[in-house]
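Okay, so here's the structure we're looking at.
The values are calculated or read from the model by the stated rules, or taken from the named source; none is laboratory data. On a predicted model such as this, the values are computed, not experimentally measured, just so you know. In this analysis, Cβ positions are derived from the backbone assuming ideal geometry, glycine residues included, and neighbour counts consider all displayed protein chains. Surface areas here come from the heavy atoms of the whole protein model, side chains and all, with no ligands, DNA or RNA. Shrake-Rupley method; radii C 1.70, N 1.55, O 1.52, S 1.80 Å.
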Protein chains: 2
Amino acid sequence: MEAAARLFREKGYTATSMRDLAQAVDLKASSLYNHISGKEGLLREICFNNAHRFHRELDQIEIREDSAEAKVRALIHLHIQVATEDITSITAFNDEWRHLTEPHLSEFIAQRKSYESRFRSIIEAGMKDGSFKVFHANIALYTIFSAIRWIYDWYQPGKSISMEQLEEEISGLLLNGLNADTTFQIL
Amino acid sequence: MEAAARLFREKGYTATSMRDLAQAVDLKASSLYNHISGKEGLLREICFNNAHRFHRELDQIEIREDSAEAKVRALIHLHIQVATEDITSITAFNDEWRHLTEPHLSEFIAQRKSYESRFRSIIEAGMKDGSFKVFHANIALYTIFSAIRWIYDWYQPGKSISMEQLEEEISGLLLNGLNADTTFQIL
DNA sequence: CCTACCGATCGGTAGG
DNA sequence: CCTACCGATCGGTAGG
């Protein structure tokens with residue numbers, strides 16, 4: 001599954017053949033089928049394992065008696081953590097989930113929407129208590145999600161920037177942006 | 001090319017067949033070849049047309065006698081503008097350029113790196129003159145790029161949020177984050 | 001513009 | 001685990 005996730009990430013799901021995957025794990029393509037159900041089964045496991053993980057972690061964060069700001073910070077921490085340590089998450093969340101077939105595609109989209117909705121509620125709580133000075137929770141939500149997407153492609157652990165620095169600076173940039181008192185004017 | 005970009009975006013380059021594309025423009029697959037050189041030629045044109053457009057616009061922005069902040073604002077405006085109005089740009093910049101073959105792939109990556117480098121220089125100028133309080137230009141750079149990626153997927157013009165509001169809020173979030181005086185503490 | 005068709009490659013199976 | 005092989009589909013061409 002790790003090899004599959006890596007290939008799906010590098011070449012895309014459709015462009016990755018079972019022969020490519022077999023070569024990556026030193027087997028012939030036909031031998032893979034003693035271990036897995038098929039190509040889509042791999043993608044399915046990668047996507048749903050990750051969806052479950054994010055929901056489980058969000059459960060923990062929601063329960064806390066923390067401020068909305070602390071919860072958003074914990075979520076940013078979670079997304080950065082997972083993005084830097086687990087290649088399968090990148091595959092699952094970025095684009096390859098599109099290649100799931102029904103009914104799994106709809107099920108995945110539903111889980112994704114549910115996660116977004118729970119995240120959005122936390123942002124809305126922060127808007128209500130005055131700690132986030134934004135007008136549209138969705139914009140903040142998707143900006144946060146996206147701001148973490150590039151990390152896997154670009155970040156090389158141990159090279160010039162530590163993970164702590166990386167996380168501190170991204171969190172700072174996003175949370176300062178959310179908190180800022182002054183509204184910027186266009187022009 | 002528009003139909004191709006739309007399909008590449010929806011299904012991915014590899015998963016889009018010439019039969020799919022032919023159907024989208026009401027032809028048979030073989031007839032497409034009277035108009036185009038082939039599947040990769042389409043991708044190539046989409047990618048390089050967009051690369052040229054971004055470089056051209058950046059030329060104009062660099063020339064101005066503006067502050068670094070005003071230049072970054074103009075670049076954010078450019079990226080949001082293009083993302084909301086031109087589907088081919090989404091295809092080109094998000095993921096599908098990976099499927100270019102050599103030597104075009106290397107050429108595209110080189111142009112992309114050049115664009116990033118010029119953008120980074122503007123951010124660095126803003127760090128030097130004290131208007132951006134960040135430590136690593138790269139983090140700011142990639143966060144800005146990524147923050148605009150989700151727009152096409154999600155934004156529906158005219159529905160609840162206007163383009164002006166969208167742009168103002170994203171720019172505000174990013175520029176406030178860059179400007180913020182207080183450094184956030186982890187924990 | 002079309003019909004007819006090509007060699008290559010795909011995901012997957014049979015059988016041992 | 002492998003070799004051998006399947007039907008389907010791919011990008012693209014020939015010929016009119």
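Below, the figures for the structure above:
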quantity: Copies compared at A:SER162 - label distances in nm, ascending, label defined 7 Å from Cα in the Cβ direction; calculated: 4.8
quantity: Heavy-atom accessible surface of the range A:1-95: percent carbon and sulfur, 1.4 Å; calculated: 45 percent
quantity: Shortest-first distances to equivalent copies, position B:ALA70, nm, label 7 Å out along Cβ; calculated: 4.4
quantity: GNM flexibility winner over chain A from A:LYS11, A:LYS159, A:LYS28 (Cα, springs under 10 Å); calculated: A:LYS159
quantity: Choice from A:ASN94, A:ASN34, A:ASN176 showing the highest fluctuation, given a GNM over chain A with Cα pairs closer than 10 Å; calculated: A:ASN34
quantity: Contact surface A-B: accessible area buried, both sides summed, square angstrom, 1.4 angstrom probe; calculated: 4000 Å²
quantity: Distant-in-sequence amide H partners of A:LYS133 (H built 1.01 Å from N, under 5 Å); calculated: A:ASN179, A:ALA180
quantity: C-alpha long axis of helix A:137-147 to longest principal axis of chain A, angle in °; calculated: 50 degrees
quantity: Nearest-ten-degree value, helix B:163-179 long axis tilted from longest Cα axis of chain B; calculated: 50 degrees
quantity: Set of lysines near A:LYS11 by C-alpha distance (under 30 Å), chain-local residues within fewer than 8 positions excluded; calculated: A:LYS28, A:LYS39, A:LYS113, A:LYS159, B:LYS11, B:LYS28, B:LYS39, B:LYS113
quantity: Helix-derived mean residue ellipticity, 222 nm - over chain A, DSSP H n ≥ 4, -39500 (n - 2.57), to 500; calculated: -21500 deg cm²/dmol
quantity: Whole-number accessible area per residue in Å² for the range A:45-179, which is evaluated in the context of all protein chains at 1.4 Å; calculated: 43 Å²
quantity: Local electrostatic count at B:VAL82 - Lys and Arg +1, Asp and Glu -1, tallied over other residues with Cβ under 9 Å; calculated: -2
quantity: Share of alpha-carbon pairs per 10 Å distance bin for the range A:45-179, given as whole %; calculated: 11, 41, 35, 12, 0
quantity: Kirkwood hydrodynamic radius (C-alpha pairs) into Stokes-Einstein, the protein assembly as shown, 4 °C and 1.567 mPa s, D in µm²/s; calculated: 59 µm²/s
quantity: Hits among aspartates and glutamates - C-alpha to C-alpha of B:LYS133 under 14 Å, sequence gap 8 or more where chains match; calculated: A:GLU168, A:GLU169, B:GLU69, B:GLU124, B:ASP181
quantity: Nearest-first distances (nm) between copies at A:GLU85, label 7 Å from Cα via Cβ; calculated: 4.5
quantity: Whole-Hz couplings from phi, Karplus 6.51/-1.76/1.60, listed for the range A:88-95; x for Gly and Pro; calculated: 5, 5, 5, 4, 5, 8, 6, 9
quantity: Delta accessible area of at least 50 Å² on complex formation, residues of the range B:112-142, 1.4 Å probe, chain isolated as reference; calculated: B:HIS136, B:ILE139, B:TYR142
quantity: Filtered GluC sites (Glu not before Pro), the range B:64-136: DSSP coil and at most 16 other beta carbons within 10 Å; calculated: B:GLU65
quantity: Heavy-atom accessible area, 1.4 Å probe, ligands and nucleic acids excluded: residues of the range B:85-99 down by at least 50 Å² from chain alone; calculated: B:ARG98
quantity: Per-pair calculated FRET efficiency, R0 = 45 Å: B:ASP129 and B:ALA15 via Cβ, rounded to 0.05; calculated: 0.45
